[in-house]
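The values are calculated or read from the model by the stated rules, or taken from the named source; none is laboratory data. All of these numbers come straight from a predicted model, not from anything done at the bench. Quick reminder, even Gly has a Cβ in these numbers, built from the backbone with ideal geometry, and neighbours come from all protein chains shown.
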Amino acid sequence: TQAPAPHPVQQVQPSSGAQLVQIGAFDSNAIAQSEWSRLSAKFGSQFAGKGQVIQQHQANGRTFWRLRAAGFESRAQAQEFCAALKAGGTDCIPIAAQ
């Protein structure tokens, strides 16, 4: 059995201009969700109060799902979150919602 995620998953729809952190792009919604669960368990408190954003995107004839975190009050806060993930070996990019 899998341990429950330390924080309940809250899926959100960010408003335009909201600060986000893109954690990755995956081949399915299910893979993106499992990656969120894995990272929120690994990084614990970093994910407290953060909302999960999964957005389907098509490019070059391929469909993928972008996994993003929302809930940052400033770009600096998003950059700090991303720096913590990078220090733990996970790549990410601070972005603004479109």
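Residue-by-condition table, conditions (1) hydrophobic (A, V, I, L, M, F, W, C); (2) within 13 Å of the chain's Cα centre (by Cα):
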{"site": "SER28", "(1), (2)": "no, no"}
{"site": "GLN33", "(1), (2)": "no, yes"}
{"site": "LYS50", "(1), (2)": "no, yes"}
{"site": "ARG68", "(1), (2)": "no, yes"}
{"site": "ILE93", "(1), (2)": "yes, yes"}
| query | Mind checking which residues of segment 65-98 are crowded, with 18+ Cβ neighbours inside 10 Å and in a strand (DSSP E or B)? | reply | TRP65, LEU67, ARG68, ALA69, ALA70, GLY71, PHE72, PRO94
| If you go through segment 81-95, how many residues are over 14 Å from GLY51 (Cβ atoms) and in contact with a Pro (Cβ under 9 Å, 6 or more places away or on another chain)? | 1
| said: Based on this model, can you work out whether PHE47 counts as within 17 Å of GLN11 (Cα to Cα) and either modelled with pLDDT of 95 or more or of a type outside the set (D, E, K, R) (or both)? | reply: yes
| Does at least one position in segment 47-58 carry a residue that is in contact (Cβ under 8 Å) with a residue 12 or more places away in the chain, part of a strand (DSSP E or B), touching a Gly at 6+ places or on another chain (Cβ under 7 Å) and surrounded by 14 or more Cβ atoms within 10 Å (Cβ to Cβ)? | yes
